Amino acid sequence: MSLVLYDTMAREKRPFVPANPERVTMYVCGPTVYNYSHIGNARPVVVFDVLFRLLRRRYGEGAVIYAANVTDVDDKINAKAQAEGVPISTITDRYLDIYNADMASLGALRPTLQPRVTETMDAIIAMIGRLIANSAAYAAEGHVLFDTQAFSDYGKLSGRSMDDMIAGARVDVAPYKRHPADFVLWKPSKPGEPQWDSPWGPGRPGWHIECSAMIDEALGLPIDIHGGGHDLIFPHHENEIAQGVCAGHDHGGEYARYWLHNGFLNFGDEKMSKSLGNVVLVHELIEKWPGEAIRWALLVGHYRAPLEWNGELIDQARKSLDRLYRSLQDAGRFLEGSDAAPDPETVEALLRTAGFWDALDDDLNTPRALSELFTLSNGLRAAMLAGQHGSAANHRAALLEAGRFLGFLLHDPEAWFQGGADEGFKARVDALIAERIAARAAKNWADADRIRDELTALNVEVMDSATGATWRLKEQA
Ligand SMILES: [Zn+2]
């Protein structure tokens with residue numbers, strides 16, 4: 001089956017055909033690095049990580065170039081740097097490191113390229129220069145503005161008419177704008193803020209131009225896939241197209257061949273946004289939950305649909321993963337000492353029959369792909385029940401291949417069932433188990449029983465063996 005993707009521009013699903021299968025390019029708008037990321041920012045990262053994995057599988061790991069920008073010039077960065085009395089790079093380096101670590105803990109592969117605005121300044125200034133030369137931009141009062149009247153397709157991606165966009169523009173339009181919808185490419189910095197030299201005076205770029213300049217410089221136009229959150233369609237992506245097309249270059253007026261947008265994460269009834277108080281930080285979530293559970297929660301709904309985010313969603317995700325890990329744990333015991341080895345062709349056939357790849361090829365239908373993991377897990381259980389070692393080995397391999405492809409089931413099952421407990425809890429359980437071993441060694445059965453009851457109350461199941469004792473948390477009903 002071919003990969004089919006919903007293209008926002010075409011407003012329909014289209015078979016994905018890259019311009020060059022040996023160099024497939026994808027760009028996704030990335031973070032502004034001045035703070036911890038909230039979970040809403042993680043959705044596109046995880047969604048496009050699945051697409052990145054799918055493209056790598058299809059075209060080869062070295063054939064896919066995935067770029068995600070890092071906005072390291074921004075008012076909020078300036079404010080934070082001033083408040084701490086440090087250069088902006090201290091802030092941006094710190095929060096980029098945290099961002100990359102947080103996203104890695106959600107199982108997201110690092111993009112091939114992470115261009116930064118401060119390192120792309122020459123390309124940005126060159127692109128603005130080309131826009132002026134092509135009569136698509138004008139300088140006025142230290143600013144450079146994009147002339148929206150110069151691009152007849154302006155509004156095509158979002159489906160907005162010029163009248164809509166004027167109505168949507170702020171009421172007090174800056175006097176140097178020729179048209180209310182015109183947007184800033186370059187502006188003067190405020191006193192004390194970082195600035196860069198340009199032919200239009202010292203200053204800094206507007207936000208939209210960075211993505212177009214990075215795409216042009218790092219990937220080359222047109223790119224195959226441009227992704228981002230639904231909220232970026234207008235004005236950000238509309239402006240990107242206008243800039244990229246009008247800056248010329250030999251790309252036939254094409255900017256991105258497929259446009260993909262993920263839906264919002266809803267928190268209660270309000271749209272997740274940094275301006276709201278109800279921020280849920282990835283950094284905090286990963287202290288409470290395994291990264292795989294958060295990742296699962298983000299993929300349990302289709303990426304284009306809004307996702308209702310709440311504690312129950314992660315709790316359910318955790319339980320789903322528990323069930324799969326329990327199958328793997330049982331299979332490990334069932335297959336211990338057996339020489340049954342998986343047969344690659346049978347494993348492939350199992351994945352095909354389950355429809356796992358078909359689900360992902362159908363516009364990244366992750367809800368269906370996740371449910372197929374349970375089809376494979378049920379097959380594994382059936383094989384164990386029937387005492388079939390070969391079949392169990394094949395089902396286990398298929399489950400692991402599919403799960404790990406999506407960034408799940410990467411832990412040893414024993415470790416998984418202990419990993420959910422925090423360090424203090426683990427230390428307490430380990431101490432109780434040591435006490436119990438000592439009590440039994442001293443034939444103090446009353447104490448040993450009491451400690452066992454205490455462990456049971458903590459929902460801990462102890463498994464004694466010749467070499468000592470291991471433990472796991474009992475599955476929650
Ligand atoms: Zn962007």
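The values are calculated or read from the model by the stated rules, or taken from the named source; none is laboratory data. These figures come from a predicted structure and were not determined experimentally. Neighbour counts are summed over all protein chains in view; Cβ atoms, including those assigned to glycine, are modelled from backbone coordinates with ideal geometry. With ligands, DNA and RNA removed, areas are computed over all heavy atoms of the protein, side chains included. Shrake-Rupley method; radii C 1.70, N 1.55, O 1.52, S 1.80 Å.
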Next on the checklist: For Leu232, only one of the following conditions fails: (1) near the ligand (Cβ under 9 Å from one of its atoms); (2) open to solvent by less than 10 Å² (accessible area, probe 1.4 Å). What is its number?
Outcome noted: (2)
Item to check | Enumeration of residues in the stretch 171-191 that are open to solvent by 30 Å² or more (accessible area, probe 1.4 Å) and of a type in the set (A, V, I, L, M, F, W, C) | outcome: Val171, Val173, Val184
Next on the checklist: Can you name every one of the helices (runs of 4 or more DSSP H) wholly within the stretch 388-448 that holds 3 or more residues which are modelled with pLDDT under 95?
Outcome noted: 413-419, 423-441
Next on the checklist: Looking at Ala354, Ala383 in this structure, which one is surrounded by 20 or more Cβ atoms within 10 Å (Cβ to Cβ), without any contact (Cβ under 8 Å) to a residue 60 or more places away in the chain and under 30 Å from Tyr258 (Cβ atoms)?
Outcome noted: Ala354
Checklist entry - Of these, Ile209, Ile223, which one is under 17 Å from Val184 (Cα atoms) and β-branched (Val, Ile, Thr)? => result Ile209
Checklist entry - Residues in the stretch 277-319 that are among the polar types (S, T, N, Q) and open to solvent by 60 Å² or more (accessible area, probe 1.4 Å): how many? => result 2
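Yes/no per residue for (1) within 20 Å of the chain's Cα centre (by Cα); (2) open to solvent by 10 Å² or more (accessible area, probe 1.4 Å); (3) within 21 Å of Glu284 (Cα to Cα):
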| residue | (1), (2), (3) |
| --- | --- |
| Ser2 | no, yes, no |
| Ala10 | no, yes, no |
| Val24 | yes, no, no |
| Val47 | yes, no, yes |
| Leu51 | yes, no, no |
| Ile65 | yes, yes, no |
| Thr71 | yes, no, no |
Checklist outcome for this item: Of the residues in the stretch 124-139, those that are small (Gly, Ala, Ser) and open to solvent by less than 20 Å² (accessible area, probe 1.4 Å) number 2
Checklist outcome for this item: Selection from the stretch 140-170 of residues of a type in the set (A, V, I, L, M, F, W, C) and open to solvent by less than 30 Å² (accessible area, probe 1.4 Å) yields Ala140, Val144, Leu145, Phe146, Phe151, Leu157, Met165, Ala169
Next on the checklist: I'd like to know if the stretch 20-27 contains one or more residues that are among the acidic types (Asp, Glu) and not in a loop (DSSP other than H, G, I, E, B).
Outcome noted: no
Checklist outcome for this item: Residue pairs within 7 Å by beta carbon, gap of at least six or interchain, first lying in the stretch 237-248 and charged (D, E, K, R), second open to solvent by less than 10 Å² (accessible area, probe 1.4 Å) and in a helix (DSSP H, G or I), listed first then second, are Glu240/Cys211; Glu240/Ser212
Checklist entry - Does at least one position in the stretch 61-72 carry a residue that is touching an Asp or Glu at 6+ places or on another chain (Cβ under 6 Å), outside any strand (DSSP E or B) and among the aliphatic types (A, V, I, L, M)? => result yes
Checklist entry - How many residues are outside any loop (DSSP other than H, G, I, E, B), within 13 Å of the ligand (Cβ to nearest atom) and either among the acidic types (Asp, Glu) or without any contact (Cβ under 8 Å) to a residue 24 or more places away in the chain (or both) when one looks only at the stretch 205-225? => result 2
Checklist entry - In the stretch 22-59, which residues are within 14 Å of the ligand (Cβ to nearest atom), among the hydroxyl-bearing types (Ser, Thr, Tyr) and closer than 19 Å to Arg257 by Cα? => result Tyr27
